[in-house]
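Working notes, beginning with the structure itself.
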Amino acid sequence: MPRVGMEPVRRKALVDAALRVIGDHGSLAVTMSDIARQAGVSPALAHHYFGSKEQLLIETIRSLLRQLRSDTVAALKAARTPRARLSAVIRVSFHADQFAPGTIAAWLAFYAEAQRSEETRRFLVIYARRLRSNLLANLKVLLPDDAAERIAEGAAAMIDGLYIRQSLKSAPIGIEASIALTEDYLNALLATASPSP
């Protein structure tokens, strides 16, 4: 029988293992046994904590979103101006944990799964709305609403596009280069847009 207090530790180990295994495979076509082996536990224990592979995968995407949200909240609190908060959102989007090859592969696997799974799709919609909201809230302080919305959509699309390019290794670039490209895009549009009255 597991010791009291081991459940959260084992659950986290299984979620971390799921992320690594999905990242290594580049798809969700992994088994509970693959994940359990990576976590160093038995498949029976993995089933005990999560019930099914699907529930473990849902918890894995929740974990990614929780970490991204936590990092974003901390970065936004540290930024003093709307422009600095925009940079904080961009920097967090390309944080080393989020932009690691395995994590990128897992995100793309979840996007593919969202075509079949309403629950997975719902979590990815939450991610997209949070990103847009964080960008838009700060852009609206600087620009009229229509310009702010257009630039927020473009910046979010650029961030997601850089993830796709990184995963395909079609134009692999590092974290700092991805941040610089997104910042250049934002700076160019901010310079040409009329400021908010």
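The values are calculated or read from the model by the stated rules, or taken from the named source; none is laboratory data. Note that this is a predicted model, so its numbers are computed, not measured. Using ideal geometry, Cβ is built from the backbone for each residue, glycine included, and neighbour counts are taken over all protein chains shown. These area figures cover heavy atoms from the full protein model, side chains too; ligands, DNA and RNA do not enter into them. Shrake-Rupley method; radii C 1.70, N 1.55, O 1.52, S 1.80 Å.
This table checks each residue for (1) open to solvent by 40 Å² or more (accessible area, probe 1.4 Å); (2) touching a helix residue (DSSP H, G or I) at 6+ places or on another chain (Cβ under 8 Å).
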| site | (1), (2) |
| --- | --- |
| LEU14 | no, yes |
| ALA17 | no, yes |
| ILE22 | no, yes |
| LEU28 | no, yes |
| THR31 | yes, yes |
| GLY40 | yes, yes |
| LEU45 | no, yes |
| GLY51 | yes, no |
| LEU56 | no, yes |
Out of all the residues in region 110-138, which are within 14 Å of ILE159 (Cβ to Cβ) and of a type outside the set (Lys, Arg)?
TYR111, LEU124, TYR127, ALA128, LEU131, SER133, ASN134, LEU135, LEU136
Please go through (1) closer than 22 Å to ASP24 by Cβ; (2) surrounded by 13 or more Cβ atoms within 10 Å (Cβ to Cβ); (3) over 18 Å from the mean Cα position of the chain (by Cα) for ARG116 and return the number of the only condition it doesn't satisfy.
(2)
